[in-house]
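FYI, it's all coordinate maths here, none of it is from the lab. Since we're looking at a predicted model, the values are computed, not measured. Glycine also receives a Cβ, built like all others from the backbone with ideal geometry; neighbour counts cover every protein chain displayed.
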Amino acid sequence: MADMGNCIIELKGITKTFDDQQVLRGIDLNIYENEFLTLLGPSGCGKTTILRIIAGFIEADGGELLFNGIDISKVPPYKREVNTVFQKYALFPFLNVYDNVAFGLNIKKVDKTIVDQKVKKTLKLVGLEGFDKRDVTLLSGGQQQRVAIARALVNEPKVLLLDEPLGALDAKLRKEMQVELKKIQQEVGITFIFVTHDQEEALSMSDTVVVMNEGKIQQIGTPVDIYNEPENRFVANFIGESNIIGGNMIRDCLVRFDDVDFPCVDKGFKENEEIEVVLRPEDIDIVEPEKGQLVGEVTNVVFKGVHYEIMVETDKRQYKIHTTDIQEVGTKVGLCVDPDLIHVMYTMEY
Amino acid sequence: MKEFKSLVKPYILWSFLLIIVPLLLIVLYSVTTGGNSLVNIRFTLENFKKIGEPIYIQVFVRSFRLGLITTILCLLFGYILAYVIAQFSEKAQSILILFVTIPMWINTLLRTYAWISILSENGIVNSFLEVIGLNPVTMMYTDFSVVLGLVCDLLPFMVIPIHTSLSKMDKSLIEAAYDLGAHRWQAFWRVTFTLSIPGVINGVTMVFLLSISTFVIPKLLGGGQYVLIGNLIENQFVSIGDWNFGSAISLLLAILMLLMINITKKLDKMEGGGDL
């Protein structure tokens, strides 16, 4: 975890409707200094809308937007201490790399020598030293991306907003930029608000992940929390792969599903409360049939590179299992789950 | 693809017959005397010398001045119109652009006659002034009537290229300018206007070239005595019959226009290419 300071941006009950469609249904969110926060969700979940409200390009219909405790919902974008890295970079095609980066400082009539220092320093930070005179339209996607980041960072914003900035890059470059972005964030020590629909991206870069769906926040937490302790079926399904099974909480630390009682570590549910259980495919062990908590037959095996994806059919359902050990189709196997790898969630209200 | 290349041949022949040959004839006429007779041909530069006479220089100056005024007014109104149109939804934009072009569907002559009936001594405007008790104003056969006619006639040529460059502009560039601290006005100048410069240059070139070579509007709205380059050329061919002198004027005008197009293109590159 990065060292997080005070709350810098506060969203309180933010709502927004476009053409009769409710895009945001009451968003409450605190964003801290120094934090790398990711808004994660499928397209149309409202994550970009939140970003645009913070940037000032659109105004929320309801709720409050506080910046360092002061309501900024009526402040125009050019007066806000945030800068944006746009989805398609939005670099000015008529300016070279240097002038693109210097744009914000020149608008603010900063002294030329200071502009020069800052632009050079920022270009170095994003790894584009010596690219000053290049035509931005002739740069590669990754380089344009870096210019866009430099153009925003050079203004020394308190918060940097990034709207799916890696979406247009190929897989390998994406991975590189993820590492790089995280490094840049730690170096400049400001808050990054990052929007993506890519769960892997969110998990590997963020201090905090905000999972969204249909204009509502589903869960806020660290990547580890979000993955290991999803709060509902949506989060469990969206982040990673999972087996989701309906069941009952017999009592604290004992859950029943598929007519079998499993010891677990979850507490605080009502007796016999209906719940849903998440089993990550990599958390299920394949053992001898007589040692298994559940028994089933292997129906399908797919090689996935690092692991095999094995489907095991029990008399109740099919389980998806990730393991590095191959199994023959048709083998009878037992399935086992450690108590601390069973995660119990409240059933989702729809 | 290669076999399709031969398809271009008829077109080359066509353009040669209809564009290159007449052009060459104009060049030939401009440096000879003896009119249409190809037998008594005699090479001379007299025709060009004649253009140097003060009376003709005056015509050129007047034409360029008028063209300049028309272009500036067209740019001013055309830009505003194009900008406003570009703010609408895509569907509304195509309808509005249609409205801008509708006058072009009607013959220039008819449109110009309409202006006469509006502007003349006992036309619509003066009748109205009379009704509200004001003195009639002379509008016909003045710079005002000619410029008005030209601006209205040529406005679409300014609006369409500017609108095209404004409408295909990436809106996120303007947001980026706001984001980087630009006010509305700064964002407009530094981004919107800069990006529309190619459209502006196209529009300015077209309007200026059309306005200095026109002859119908100045003839009808400016009266017979209002001689511009276009009228001068027309007179040489139609009434005076000095095709050689007419060709010389046309050629000189064409050369001046080419020079201007070249200059504007260079300006465009300087604006657009930065330090490249």
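The table for this structure:
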{"read-out": "Principal axis box of the stretch A:137-292, alpha-carbon based, largest edge first, Å", "value": "63, 34, 28"}
{"read-out": "Radius of gyration and Dmax over the Cα atoms of the stretch A:77-163, both given in Å", "value": "11.8, 32"}
{"read-out": "Debye intensity ratio in log₁₀ form over the Cα atoms of the stretch A:283-344, taken at each q of 0.23, 0.25, 0.26 Å⁻¹", "value": "-0.93, -1.08, -1.14"}
{"read-out": "Likely footprinting exposure, A:Lys12, B:Lys171, fewest C-beta neighbours within 10 Å first", "value": "B:Lys171, A:Lys12"}
{"read-out": "Kyte-Doolittle at least 0.0, axis length at least 20 Å by Cα - qualifying DSSP helices, chain B", "value": "B:54-86, B:143-167, B:194-213, B:243-273"}
{"read-out": "Pair-distance profile P(r), taking every C-alpha pair of the stretch A:7-233, with 5 angstrom steps and integer %", "value": "1, 7, 15, 18, 19, 16, 12, 7, 3, 1, 0, 0"}
{"read-out": "Nearest-0.05 FRET efficiency for B:Trp189 and A:Ser73, computed from C-beta distance (R0 30 Å)", "value": "0.60"}
{"read-out": "Normalised contact order of chain A, rounded percent, pairs of Cα under 8 Å and 6 or more residues apart", "value": "15 percent"}
{"read-out": "Neighbouring partner chain Cβ atoms per residue of B:167-178, average, 10 Å criterion", "value": "5"}
{"read-out": "Alpha-carbon Debye profile of the stretch B:117-276, log10 I(q)/I(0) at 0.10, 0.14, 0.20 Å⁻¹", "value": "-0.60, -0.89, -1.19"}
{"read-out": "Ordering of A:241-251, B:254-264 by burial proxy (mean other Cβ atoms within 10 Å per residue, highest first)", "value": "A:241-251, B:254-264"}
{"read-out": "Relative contact order (percent, whole number), the stretch B:105-249, Cα cutoff 8 Å, 6+ residue spacing", "value": "25 percent"}
{"read-out": "Percentage relative contact order, the stretch A:1-150, counting C-alpha pairs under 8 Å, at least six apart", "value": "20 percent"}
{"read-out": "Potential extension, A:Asp340-A:Glu309 segment - 0.36 nm per residue separation minus Cα distance", "value": "8.9 nm"}
{"read-out": "Mean Cβ neighbour count within 10 Å, used as a protection proxy, ranking A:325-332, A:280-287 highest first", "value": "A:280-287, A:325-332"}
{"read-out": "Cα-Cα over 25 Å, subset of A:Lys88/A:Lys120; B:Lys168/B:Lys266; A:Lys108/A:Lys182", "value": "A:Lys108/A:Lys182"}
{"read-out": "Of A:Phe192, A:Phe234, A:Phe36, the one that fluctuates the most in a GNM where chain A has Cα springs shorter than 10 Å", "value": "A:Phe234"}
{"read-out": "Scattering curve values for the protein assembly as shown, log₁₀ I(q)/I(0), Debye with Cα scatterers, q = 0.10 Å⁻¹", "value": "-1.02"}
{"read-out": "Quotient of C-alpha Rg and 2.2 N^0.38 Å, computed over chain B", "value": "1.24"}
{"read-out": "Beta bridges by DSSP in the stretch A:7-233, antiparallel share as percent, to the nearest 5", "value": "55 percent"}
{"read-out": "Relative frequency of Cα-Cα separations exceeding 16 Å in the stretch B:1-106, percent", "value": "79 percent"}
{"read-out": "Amide H within-cut-off set for A:Thr84, under 5 Å, with H built and near neighbours excluded", "value": "A:Leu161"}
{"read-out": "Residue exposure sequence - B:Cys74, A:Cys7 - by fewest surrounding Cβ within 10 Å", "value": "A:Cys7, B:Cys74"}
{"read-out": "Cβ-defined net charge surrounding A:Lys182, 14 Å radius [Lys, Arg +1; Asp, Glu -1]", "value": "-4"}
{"read-out": "Other protein chain Cβ atoms within 10 Å, averaged over every residue that makes up B:179-190", "value": "6"}
